[in-house]
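Reading through the structure tokens given below for one structure.
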Amino acid sequence: MKILIIGGSGGIGAALVKLYLASKPEAIIHATYRAHKPILENTRVNWFKLDAASEQDVRSLADSIPSLDILINAAGILHLPNRKPEKSVNDFNPDFFHHNLNSNVVPTINLAKYFASHLKSKQNTYFIALSARIGSIEDNKIGGWISYRCSKAALNMAIKTISIEWKHKAPNCCVLAFQPGTTDTRLSKPFQKNVPSTKLFTPDYVAHCLLDLLDTVKPTDSGRFFSYDRTEIPW
Ligand SMILES: NC(=O)c1ccc[n+]([C@@H]2O[C@H](COP(=O)([O-])OP(=O)(O)OC[C@H]3O[C@@H](n4cnc5c(N)ncnc54)[C@H](OP(=O)(O)O)[C@@H]3O)[C@@H](O)[C@H]2O)c1
């Protein structure tokens, strides 16, 4: 089994790398970091430095990896050192909006462009993007966080679109959006105050949830949006 985790240096990404190492001793694991190579030293992990928003970086990575069974994009941003998600449309800043699109949407489309052939197989393969419930238009009851929300809605549309195109190009590939729930990582740290402890998950728990989901889904499930508890979220 050959696995690629994008954003393997992040909270959820690192938990996925560790869980695959522990649970799939035969797996070849490729993982990426953008800024700092993770301390986790294990000869079974091939680390690559990658900015997933860079088409050139993604193309070079694709050239370095022959084929894959599973690609999980666990990269993304919610806030920057000088900018938090908007409470109101009045806080809108076009640069921050573009940064959200570049970090939360462009990587998945770049990856689909350069890894479609890697995931074309007679066996079942998986192309997964970590999305967020906040990106569901139907589920939007409270508004706010307009840049992140729009970027995850756009990511969801990208996943649905890729799933339709790949029904012919890579018919055994299951293309999904996955919502991890609020998870205790750098991304959610500033927003955890009002989250009940039972609703704040560890990255390890979420990694288990995603692997359990992948054990149950098939290519016929392609184009769906699943939550950590395997319930389906409306687009
Ligand atoms: N944590 C939550 O509560 C939560 C809830 C819903 C959805 N999610 C989604 O889950 C995913 C993972 O989040 P997390 O909680 O694990 O956050 P995290 O700990 O902040 O990790 C995010 C990772 O994304 C990487 N990254 C960002 N932009 C990148 C780019 N252009 N190219 C390559 N890597 C890039 C970061 O790399 P650097 O560290 O090098 O910048 C980091 O490794 C995100 O898509 C997030 O939106 C998280």
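The values are calculated or read from the model by the stated rules, or taken from the named source; none is laboratory data. These numbers come from a predicted model, not from an experiment. FYI the Cβ positions are ideal-geometry reconstructions off the backbone, even for glycines, and counts take in every protein chain you see. Please note that ligands, DNA and RNA were not included when accessible areas were found on the heavy atoms of the full protein model with its side chains. Shrake-Rupley method; radii C 1.70, N 1.55, O 1.52, S 1.80 Å.
Given a 1.4 angstrom probe, what's the average accessible area per residue across the chain, in square angstrom? Walk me through the numbers before you get to the answer.
On the way: 11800 Å² over 235 residues.
For the chain, the per-residue accessible area is 50 Å².
Of Thr220, Thr43, Thr182, which has the largest mean-square fluctuation in a 10 Å C-alpha GNM of the chain?
Thr43
Once the other residues with Cβ under 14 Å from the Cβ of Leu19 are scored (Lys, Arg +1; Asp, Glu -1), what is the net sum? Numbers along the way, then the final one.
Details: positive: Lys18, Lys24, Arg44; negative: Asp204, Asp212, Asp215.
Net local charge, Leu19 excluded: 0.
Computed from the mean reciprocal separation of all distinct C-alpha pairs, what Kirkwood hydrodynamic radius does region 2-227 have, in Å? Display every interim value, and only then the final one.
Numbers: mean 1/r = 0.0563 Å⁻¹.
After inverting the pairwise mean of 1/r, the radius is 17.7 Å.
What does a probe at Thr198 reach in region 216-235, counting residues whose amide N is under 17 Å from the point 7 Å along Cα→Cβ?
What the label zone holds, given the 17 Å backbone N cut-off, is 229.
Give me, ordered by chain and number, the residues 5 or more places off Asn46 or on other chains with an amide H under 5 Å from its own placed amide H.
For Asn46, the qualifying residues are Ile29, His30, Ala31.
Using helices alone, I'd like the mean residue ellipticity at 222 nm for the chain: each DSSP H run of four-plus residues gives -39500 (n - 2.57), total over residue count, nearest 500.
One gets -11000 deg cm²/dmol as the mean residue ellipticity at 222 nm.
Around Thr183, with a cut-off of 14 angstrom between Cβ atoms, what is the net charge of the other residues, counting Lys and Arg +1 and Asp and Glu -1? Please list the in-between numbers first.
Details: positive: Arg133, Arg186, Lys189, Lys199; negative: Asp184, Asp204, Asp229.
With Lys, Arg at +1 and Asp, Glu at -1, the net is +1.
Please sort through the DSSP H helices of the chain and keep those with an alpha-carbon extent of at least 30 Å along the long axis and a Kyte-Doolittle average not below 0.5.
Numbers: long enough: 146-169 (34 Å, -0.17).
What comes out of the filter, once short or polar helices are dropped, is none.
Taking amide hydrogens as modeled 1.01 Å from N in the peptide plane, which residues meet the under 5 Å criterion relative to Thr183, leaving out close sequence neighbours?
Here Phe201 satisfy the definition.
Charges only on Cβ, +1 for Lys and Arg, -1 for Asp and Glu: so what's the dipole of the chain about the Cα centre, in debye to the nearest 20?
On the way: 28 positive and 20 negative charges, 17 e Å.
Dipole about the Cα centre, nearest 20: 80 debye.
Just the accessible area for Thr125, please: 1.4 Å probe, Å², rounded to the nearest 10?
0 Å²
With θ set to phi - 60° and the Karplus curve 6.51 cos²θ - 1.76 cosθ + 1.60, what are the ³J(HN,Hα) couplings of region 121-138 in order, to the nearest whole Hz, using x for Gly and Pro?
Per-residue couplings from phi come out as 7, 7, 8, 5, 10, 9, 10, 10, 10, 6, 9, 7, 3, 4, x, 7, 5, 5 Hz.
Would you rank Trp47, Trp235 by solvent-accessible area, highest first, keeping every protein chain in place and using a 1.4 Å probe?
Solvent-accessible surface, decreasing: Trp235, Trp47.
In region 24-168, what % of DSSP beta bridges are antiparallel (nearest 5)?
On the way: 1 of 10 bridges.
Once the DSSP bridges in region 24-168 are tallied, antiparallel ones form about 10 percent.
Using a 1.4 Å probe on the protein heavy atoms only, what accessible surface does Glu26 show? Give it in Å² to the nearest 10.
Rounded to the nearest 10, the figure is 110 Å².
At 1.4 Å probe size, what's the solvent-accessible area of Phe97? Round to the nearest 10 Å².
The accessible area of Phe97 comes to roughly 50 Å².
Collect residues whose amide H, placed 1.01 Å from N in the peptide plane, falls under 5 Å from the amide H of Ser121; neighbours closer than 5 in sequence don't count.
For Ser121, the qualifying residues are Asn172.
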